[in-house]
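Laboratory data are not the source of any read-out in this text; all were calculated from the coordinates shown. Source: prediction; values computed, not measured. Glycine gets a Cβ as well: all are built from the backbone with ideal geometry, and neighbour counts include every protein chain shown.
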Amino acid sequence: MYLNEWNPEKYSYTGRSVKGKIIYITDYKQKDNYVVFGFDFIKYISTK
């Protein structure tokens, strides 16, 4: 999965992100329609 950095002041993505692999996901004891997941870091990515 990719986590992309968002700049709320410019209302756009910064071009920086992190690539990771989801290793677990659970909805145990979460609010309705919420989940918790863990991931292993793979690499940083920058398009700028």
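Looking at (1) of a type outside the set (S, T, Y); (2) outside any strand (DSSP E or B); (3) touching a residue at least 12 places away in the same chain (Cβ under 8 Å), find the lone condition where G15 falls short. If we test G15 against (1) of a type outside the set (S, T, Y); (2) outside any strand (DSSP E or B); (3) touching a residue at least 12 places away in the same chain (Cβ under 8 Å), just (2) comes out false.
The residues of the range 22-40 that are in a strand (DSSP E or B), surrounded by 10 or more Cβ atoms within 10 Å (Cβ to Cβ) and either of a type in the set (S, T, N, Q) or out of contact with any Ser or Thr (no Cβ under 8 Å at 6 or more places or on another chain) (or both), listed by number, are I22, I25, T26, G38, F39.
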